[in-house]
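Participant: Here it is: the structure, laid out below.
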Amino acid sequence: MRQKIAAGNWKMNGTAPALTELDALAAGLPATPPLVIVCPPAPLLIPAVDRASGIAIGAQDCHTAPSGAHTGDISAPMIADTGASFVIVGHSERREDHGETDAAVRAKAEAAQAAGLCPIVCIGESLSQRETGETLHVIGAQLAASLPETISAENTVVAYEPIWAIGTGKVPSVAQIAEVHDFIRAELENRYGPDVGAAVSLLYGGSVKPDNAAAIFEVDNVDGALVGGASLKAGDFLPIIAALA
Ligand code: PEP
């Protein structure tokens, strides 16, 4: 039975008052919740860990090195030291804004694993790649180059996030989501063997909202969601969590 996960990515949103959303989330969780993860901005990691009840905390990025002359960066051991347990790596906004390559994403995922964190490794095609029929080729290449050589269900989560669906309100059809998630599952099974490949949780991300979450979660090989905008308010995130429970 794969772990169901509802992960919220607050991106560069939120100062201390936003932490009250964690209280509202904790108060509204269903009786048997999926694993709920909130990834706030880095300055909120420590207070979020202190405050969160029944909710795991993750960071949004980490450096590849454990320490060193990298002004402004945060290492995986530093994130682990806050008490956080997850870290998003390879989000398309990082790939675009900071020129992160698949090799860099893989190195970050490896650094996360080495620090005892579970990386949420993001992959996804652009609109032009989708329109020219390259989606599965792009996803296959990103998977091959972004994932560490060794993974397990405990130390890696994969998130499929079509770039054109992030923050746009545009969502792929369930058939399109199914096609990519089935493909990712098959690629994982080929590379890591049937047991590991079948056990790793696959999240869908891109404009998941309370009104479309249930249909997305019915798709085979969708084990949860990475949610941006709709994770900022407990009132939006809770119905998504409930749809997965
Ligand atoms: C994201 O940032 O990973 C994301 C999926 O954003 P949104 O849900 O706002 O599209």
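The values are calculated or read from the model by the stated rules, or taken from the named source; none is laboratory data. Predicted model, so just to flag it, every value in this text is computed and none were measured. Methodologically, a virtual Cβ is constructed for each residue, glycine included, from the backbone with ideal geometry; neighbour enumeration extends over all protein chains shown.
Participant: Checking the condition crowded, with 22+ Cβ neighbours inside 10 Å, away from the ligand (no atom under 16 Å from the Cβ), within 16 Å of the chain's Cα centre (by Cα) and not acidic (Asp, Glu), which residue from 34, 40 passes? Give the derivation first.
Facilitator: Details: 40 fails: away from the ligand (no atom under 16 Å from the Cβ).
Exactly one residue qualifies, and that residue is 34.
Participant: Give region 118-138 a look and list any residue that's within 16 Å of the ligand (Cβ to nearest atom) and over 19 Å from residue 67 (Cα atoms), or say none. Reasoning before the result, please.
Facilitator: Going residue by residue through region 118-138, those that are within 16 Å of the ligand (Cβ to nearest atom) are 119-127, 130.
120, 121, 122, 123, 124, 125, 126, 127, 130, listed by residue number.
Participant: Still on this model: Taking the residues in region 118-137 that are of a type in the set (Ser, Thr, Tyr) and not in a loop (DSSP other than H, G, I, E, B) as candidates, determine which candidate is farthest from residue 181 (Cα to Cα).
Facilitator: First pass over region 118-137, keeping only residues of a type in the set (Ser, Thr, Tyr): 126, 128, 132, 135.
When the remaining residues are screened for being not in a loop (DSSP other than H, G, I, E, B), the result is 128, 135.
Numbers: 128: 20, 135: 12 Å.
The extreme case among them is 128.
Participant: Tell me yes or no: at least one residue of region 152-165 is over 16 Å from the mean Cα position of the chain (by Cα), at pLDDT 95 or above and within 18 Å of residue 9 (Cβ to Cβ).
Facilitator: Going residue by residue through region 152-165, those that are over 16 Å from the mean Cα position of the chain (by Cα) are 164.
Applying the additional criterion that residues be at pLDDT 95 or above yields 164.
With within 18 Å of residue 9 (Cβ to Cβ) added as a condition, the list becomes 164.
Within region 152-165, one or more residues are over 16 Å from the mean Cα position of the chain (by Cα), at pLDDT 95 or above and within 18 Å of residue 9 (Cβ to Cβ).
Participant: Tally up the residues in region 79-94 that are in contact (Cβ under 8 Å) with a residue 12 or more places away in the chain and over 17 Å from residue 105 (Cβ atoms), please. Quick ask: steps written out before the conclusion?
Facilitator: Step one: filter region 79-94 for residues in contact (Cβ under 8 Å) with a residue 12 or more places away in the chain, giving 79-80, 82-94.
Now restrict to residues that are over 17 Å from residue 105 (Cβ atoms): 80, 82-85.
Total meeting the criteria: 5.
Participant: Would you check which residues across region 174-206 are of a type in the set (Phe, Trp, Tyr) and more than 15 Å from the ligand (Cβ to nearest atom) and list them?
Facilitator: Once the filter is applied, which keeps residues that are of a type in the set (Phe, Trp, Tyr) and more than 15 Å from the ligand (Cβ to nearest atom), region 174-206 yields 183, 192.
Participant: Hey, another quick one. Quick check on region 84-117: of everything there that is within 15 Å of the ligand (Cβ to nearest atom) and part of a helix (DSSP H, G or I), which residue is farthest from residue 152 (Cα to Cα)?
Facilitator: So, considering only residues that are within 15 Å of the ligand (Cβ to nearest atom) and part of a helix (DSSP H, G or I), the one farthest from residue 152 (Cα to Cα) is 97.
Conditions (1) without any contact (Cβ under 8 Å) to a residue 60 or more places away in the chain; (2) loosely packed, with under 14 Cβ neighbours inside 10 Å; (3) in contact with a Leu (Cβ under 8 Å, 6 or more places away or on another chain), marked per residue:
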| residue | (1), (2), (3) |
| --- | --- |
| 116 | yes, yes, no |
| 144 | yes, yes, no |
| 176 | yes, no, no |
| 200 | no, no, yes |
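Participant: OK, next. Of the conditions (1) more than 16 Å from the ligand (Cβ to nearest atom); (2) in contact (Cβ under 8 Å) with a residue 40 or more places away in the chain, residue 71 clears all except one; give me its number.
Facilitator: If we test residue 71 against (1) more than 16 Å from the ligand (Cβ to nearest atom); (2) in contact (Cβ under 8 Å) with a residue 40 or more places away in the chain, just (2) comes out false.
Participant: Can I ask one more? Restricting attention to region 207-224, does a residue exist that is out of contact with any His (no Cβ under 6 Å at 6 or more places or on another chain), more than 17 Å from residue 58 (Cβ to Cβ), of a type in the set (Asp, Glu) and within 16 Å of the ligand (Cβ to nearest atom)?
Facilitator: Yes: region 207-224 contains one or more residues that are out of contact with any His (no Cβ under 6 Å at 6 or more places or on another chain), more than 17 Å from residue 58 (Cβ to Cβ), of a type in the set (Asp, Glu) and within 16 Å of the ligand (Cβ to nearest atom).
Participant: Then there is this: Counting residues that are β-branched (Val, Ile, Thr), which helices (runs of 4 or more DSSP H) fully inside region 151-245 reach at least 2? Step through it out loud before you land on a result.
Facilitator: On the way: elements: 174-192, 194-199, 213-217, 234-244.
It comes to 174-192, 234-244.
Participant: Further, regarding this structure: Taking residue 157 as the residue in question, decide whether it is crowded, with 18+ Cβ neighbours inside 10 Å and in contact with a Ser or Thr (Cβ under 6 Å, 6 or more places away or on another chain).
Facilitator: Numbers: crowded, with 18+ Cβ neighbours inside 10 Å: yes; in contact with a Ser or Thr (Cβ under 6 Å, 6 or more places away or on another chain): yes.
Against the criterion (crowded, with 18+ Cβ neighbours inside 10 Å and in contact with a Ser or Thr (Cβ under 6 Å, 6 or more places away or on another chain)), residue 157 qualifies.
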